[in-house]
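Some notes on the structure that comes next.
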Amino acid sequence: QASRQVELLRMDDQRVEIDAECYFENVCSVIKALVSEVGTPSEIKAISLSGASGNTLLLDENYRPVRNAISWLDTRTAGREAELWSDVDPERVYRSAGWPFGGTFPLAHLGWLKASDPDAWGRARYFTMLNDYLYHRLCGRLVVDRSKATTFYLQDQEASTWNSELLAVLGLEPGRLSELLASGSICGEVTPEAAKATGLASGTRVVTGSFDHPSAARSTGVFGEGDLLISAGTSWVVFAPIKSRETGLKGRMLIDPFLSPAGCWGSMFALTAVAEKMNVYLKQCIASTNGEPLFDRFNRLAAEAPPGAEGLSIELFQQPYEENKAIAATATPANIARALMEGIVFLMRNRVDHLMRLTGSHAGRIVLTGGPTKSAVWPTILADVLNRPVAIPETGEHAGAMGAVLLAGIGTGIF
């Protein structure tokens, strides 16, 4: 394994951008570090990419970035969808793209760029995303898999084509967007230039991957309706296969093509930024003065408290610390730690119950990945509250990358 920090350019409180060339160099550095562990680079049959998406990038006729990519974390367009695209019906966008249009992500970015940076818009030949640019730099072909294309909002998910209605609003033709391919498709071979930058052998196959959560679902065997993948981190995200795309739309969930049309669609919902809200409590109520790491202390105290935390309940989205100081001041650190864990799990239980009612399916496997898997008590609370066994995969921390490995193997016929 290898890692590099993504360098985010924060212009002000709202604008978050990424230097595409710097990003590519960092990706190459990661690949080169991995390849160095292999005796003969030609033994590597293929490379594939999984990860978050939604970073908007404009390229000129020579496929060079016209400006920085706008990150999916950028909120300059938040709540301005009606202003930016007065002719676009958000409900029609949702039914076509599979993600609710809330005024951020590429469709909003494109509206902002067209209105606020006409020079960049005029110089742009291709309208794409940062992941697509990586594929082009690796193999010389500008492509996007159907999974990551969901975050671009211009895809008609069911037709597996670009949405002609939205392209007409933008004044763009399909040829000015990346080529749409299914996940697990060979899109080319590593060029000599990319081989030099990455250490890979020229001719190594490049295979399309997917968005991070469906990629993790692939590697952990979460394939059938009733199965759940819970990815616990900054946000707690549930990925659930569903037989009918309409079920996901009815539940206002994020929809991914996943295994369709032969198998299930994927649906996602999240407790967004829940860790951020929890950390305020941790720092204010249970921080250690003897040097014990905060999360070690958090887990130890939660294990010492009785189930139910002696009646203490904390609902982080309704009870942020600043509004709950008085209650927190009267509780023991152990009960606060336990209540925080239980509060997050019960929020998850509510969402899972809602999903089960929508699908009417029998409960299947639950797979947990992320930081809480390292806790001795948190997975147990989850299993108790959901009344279902919880599996923790050995590769949980890298489940998304392992999904990319499987897609590379599928693309090259190994699997």
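The values are calculated or read from the model by the stated rules, or taken from the named source; none is laboratory data. Computed from a predicted structure; not experimentally measured. No Cβ is skipped: glycine too gets one built from the backbone with ideal geometry, and neighbour counts run over all protein chains shown. Ligands, DNA and RNA are stripped out before the accessible areas are found, and what is left, the full protein with its side chains, is counted by its heavy atoms. Shrake-Rupley method; radii C 1.70, N 1.55, O 1.52, S 1.80 Å.
Would you mind computing, in nm to one decimal, how far apart the modelled labels at Thr330 and Arg141 are, each placed 7 Å from Cα along Cα→Cβ?
It works out to 6.6 nm between the two label points.
Under the rule a/c < 1.5 gives rounded, and otherwise a/b versus b/c splits prolate from oblate, where does the range 199-250 land using the Cα gyration tensor?
prolate
What's the local net charge at Ser231, with K and R +1, D and E -1, over the other residues with C-beta under 11 Å away? Before the final figure, lay out each step's value.
On the way: positive: none; negative: Asp212, Glu397.
That sum, taken over residues with Cβ under 11 Å, equals -2.
Tell me the per residue accessible area of the chain using a 1.4 Å probe; a whole number in Å² is fine.
Details: 18390 Å² over 415 residues.
Value returned for the chain: 44 Å² of accessible area per residue.
Under 24 Å Cα to Cα from Lys283, which lysines show up? Leave out anything in the same chain fewer than 8 places away.
The reachable lysines, counting only those whose Cα sits under 24 Å from Lys283, are Lys325, Lys374.
Return the carbon/sulfur percentage of the accessible area of the chain, one whole number, probe 1.4 Å, all protein chains in place.
Working: 9250 of 18390 Å².
Using a 1.4 Å probe with all protein chains present, the chain comes out at 50 percent carbon and sulfur.
If each DSSP helix of 4+ residues adds -39,500 (n - 2.57) and the sum is divided by the residues in the chain, what number results at 222 nm, nearest 500 deg cm²/dmol?
Details: 17 runs with 162 residues, N = 415.
Estimated from H runs of four or more residues: -11500 deg cm²/dmol.
So if R0 is 25 Å, what FRET efficiency would Glu25 and Ser202 give, r being the distance between their Cβ atoms, rounded to the nearest 0.05?
0.85
In whole Å, what are the extents of the chain along the principal axes defined by its C-alpha atoms, from largest to smallest?
Principal axes ranked by extent give 64, 56, 46 Å for the Cα atoms.
Counting only residues 5 or more places away or on other chains, whose amide H sits under 5 Å from the amide H of Ser267 once H atoms are built in the peptide plane?
Under 5 Å from the amide H of Ser267 lie the amide H atoms of Ala240, Ile242, Asp256, each far enough along the sequence or on another chain.
Please compute the contact order of the chain in relative form: average sequence separation of alpha-carbon pairs under 8 Å and at least six residues apart, divided by the residue count, as a percent.
Working: 779 pairs, mean separation 67.6, N = 415.
Relative contact order of the chain: 16 percent.
Report the local net charge at Arg218: Lys and Arg +1, Asp and Glu -1, summed over other residues whose C-beta lies under 13 Å from its C-beta. Please report the intermediate quantities before stating the final value.
Numbers: positive: none; negative: Asp145, Asp212, Asp227, Asp256.
Value of the local net charge: -4.
List residues of the range 344-372, by number, whose backbone nitrogen lies under 17 Å from a label position 7 Å along Cα→C-beta of Leu294.
371-372
Could you give the length gained on full extension between Arg357 and Asp60, defined as 0.36 nm per residue of separation minus the Cα-Cα distance, in nm? Kindly include the intermediate steps, with their values, before the conclusion.
Working: separation 297, 0.36 × 297 = 106.92 nm, distance 4.84 nm.
Difference between extended and current length: 102.1 nm.
Compute from the Cα atoms of the range 234-373 the Rg and the Dmax, the latter being the longest Cα-Cα distance, and quote both in angstrom.
According to the Cα coordinates of the range 234-373, Rg and Dmax are 17.8, 56 Å.
Taking H placed 1.01 Å from N in the peptide plane, check which residues at least 5 places from Ser185 or on another chain put their amide H under 5 Å from its amide H.
Amide H to amide H, under 5 Å and 5 or more residues apart or across chains, Ser185 pairs with Thr208.
Show me, for the range 400-415, the HN-Hα J-couplings you get by feeding each phi into the Karplus relation (A = 6.51, B = -1.76, C = 1.60, θ = phi - 60°), rounded to Hz, glycine and proline as x.
Taking θ as phi minus 60°, the curve returns x, 5, 5, x, 5, 4, 5, 5, 4, x, 5, x, 9, x, 6, 10 Hz for the range 400-415.
Find how much the distance from Glu322 to Leu9 grows on full extension, using 0.36 nm per residue of separation minus their present alpha carbon separation; answer in nm with one decimal. Intermediate results must be reported in sequence, preceding the final value.
Numbers: separation 313, 0.36 × 313 = 112.68 nm, distance 2.99 nm.
Going from the current span to full extension adds 109.7 nm.
Between Val38 and Ser160, how high is the FRET efficiency from 1/(1 + (r/R0)^6) when r is the Cβ-Cβ distance and R₀ = 41 Å? Nearest 0.05. Before the final figure, lay out each step's value.
Details: r = 35 Å, r/R0 = 0.85.
About 0.70, to the nearest 0.05.
Provide the per-residue ³J(HN,Hα) series for the range 157-162, in order, calculated from phi with Karplus coefficients 6.51, -1.76, 1.60 and θ = phi - 60°, each as a whole number of Hz, with x at glycine and proline positions.
Karplus values, whole Hz, x for Gly and Pro: 4, 5, 7, 6, 9, 6.
Please give the net charge around Phe346, taking every other residue with its beta carbon less than 14 angstrom from that of Phe346, where Lys and Arg add +1 and Asp and Glu add -1. Intermediate results must be reported in sequence, preceding the final value.
Details: positive: Arg338, Arg349, Arg351; negative: Glu315, Glu342, Asp353, Asp384.
Neighbourhood net charge equals -1.
In the range 257-333, what chymotrypsin sites (Phe, Trp or Tyr not before Pro) fall in a loop by DSSP, with at most 14 other Cβ atoms inside 10 Å?
Phe317
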